[in-house]
Amino acid sequence: MSVHKEVKRVTTHVLSEMKLRGEKISMLTAYDYSMARLVDEAGIDVILVGDSASNVMAGNETTLPITLDQMIYHGKSVVKAVNRALVVVDLPFGTYQGDSKEALISSIRIMKETHADAVKMEGGKEVIQSVERILSAGIPVMGHLGLMPQSIHKYGTYTVRAKQDAEAEKLIEDARLLEEAGCFAIVLEKIPAALGERVAKELKIPVIGIGAGGGVDGQVLVIHDMLGITQEFSPRFLRRYHNLATEIKGAVGNYIQDVKSQDFPNDKEQY
Ligand code: KIV
């Protein structure tokens, strides 16, 4: 029997058990009550209230503008809907890079106000003091290495990271540091598959990839991308499981037609 089928509630311990047994971890983003409820009922292991909300919910070009208050709003809505999955909320840009005290205050606000299970933050060595301080307050931390969208202005492009040896070595070193500090898992974004596999083999904690190949311990996608709601975004790593954009536009088109033609509402659809 898989760990996935056995547990009523996914915890950080359940995730390490999954890695031990070689069972892959499934993770998706969600930002609102209704979607989180469906994703949880479908049996996902981890729900990430990602700062990608800045793109897909608020229409910003990058993840940088989203605020802590906005992340807390999304986190609260998601937690209310979830019975089984582990809920992780992203620390948004500018709420943890300053110093470890600021990072702790931001994390405490997320935990107190959303009732989520953990926080996630981007970076390795540069943020290690913040990671340690948050962990010392009893808050589980998920790391995030590889392509870190909050640093897009430093990179200048969303291209694959760590293709060169120096960047790959730094990533491995950062992953080790995050594990030693006590992170319960790490997300690796858009890196070569061989590097993803190497990190997953070397670490005891689960490594969850988005564009990091099949050799890692689990996969995460942005829900709007995998359901085909976003149309303009199609990186190689994205598998679309639906084409909701076409379905939604079709349904809305039918509604408009029915309203205009006075087919809606019919006799049974009124009081
Ligand atoms: O914000 C987000 O959705 C993320 C995933 C891409 C891992 O960090």
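No lab work stands behind these numbers, since they all come straight from the coordinates. If you're wondering where the values come from, they're calculated on a predicted model, not measured in any experiment. A quick note on method: Cβ atoms are made from the backbone with ideal geometry, for glycine too, and the neighbour counts reach across all protein chains shown.
Work out the charge dipole of the chain with +1 on the Cβ of Lys and Arg and -1 on the Cβ of Asp and Glu about the Cα centre, then indicate which of 44, 265, 243 is farthest towards its positive end. It is 44, whose Cα lies furthest towards the positive end. Computed over the chain, relative contact order equals 15 percent, with contacts defined as Cα pairs under 8 Å that lie 6+ residues apart. Evaluated with a Cβ-only charge set (Lys, Arg +1; Asp, Glu -1), the chain carries a dipole of roughly 380 debye about its Cα centre, given to the nearest 20. Electrostatic tally near residue 141: other residues with Cβ closer than 12 Å to its Cβ, Lys and Arg +1, Asp and Glu -1, net -3.
Using a simple spin-label model with pseudo-atoms 7 Å out from Cα toward Cβ, residue 232 and residue 252 lie 1.5 nm apart. Mean residue ellipticity, 222 nm, helices only, the chain: the sum of -39500 (n - 2.57) across DSSP H runs of n ≥ 4, divided by residue count and rounded to 500, is -12500 deg cm²/dmol.
With contacts defined as alpha carbon pairs under 8 Å and 6 or more residues apart, what's the relative contact order of the stretch 68-180 in percent?
That works out to 23 percent.
Highest GNM mean-square fluctuation among 261, 234, 77, for the chain modelled with Cα contacts below 10 Å: 261. Within the stretch 4-34, the trypsin sites (Lys or Arg not before Pro) that combine a DSSP coil assignment with at most 14 other C-beta atoms in a 10 angstrom radius are 8, 9. Projecting label points 7 angstrom from Cα along Cα→Cβ for residue 99 and residue 112 puts them 2.0 nm apart. Taking 43, 250, 196 in turn, the Gaussian network model of the chain (Cα-Cα springs below 10 Å) assigns the largest fluctuation to 250. Taking other C-beta atoms within 10 angstrom as a stand-in for reagent exposure, 153, 115 fall in the order 153, 115, fewest first. Listed by chain and number, the lysines whose C-alpha is less than 22 Å from the C-alpha of residue 101, apart from same-chain residues fewer than 8 away, are 112, 120, 125.
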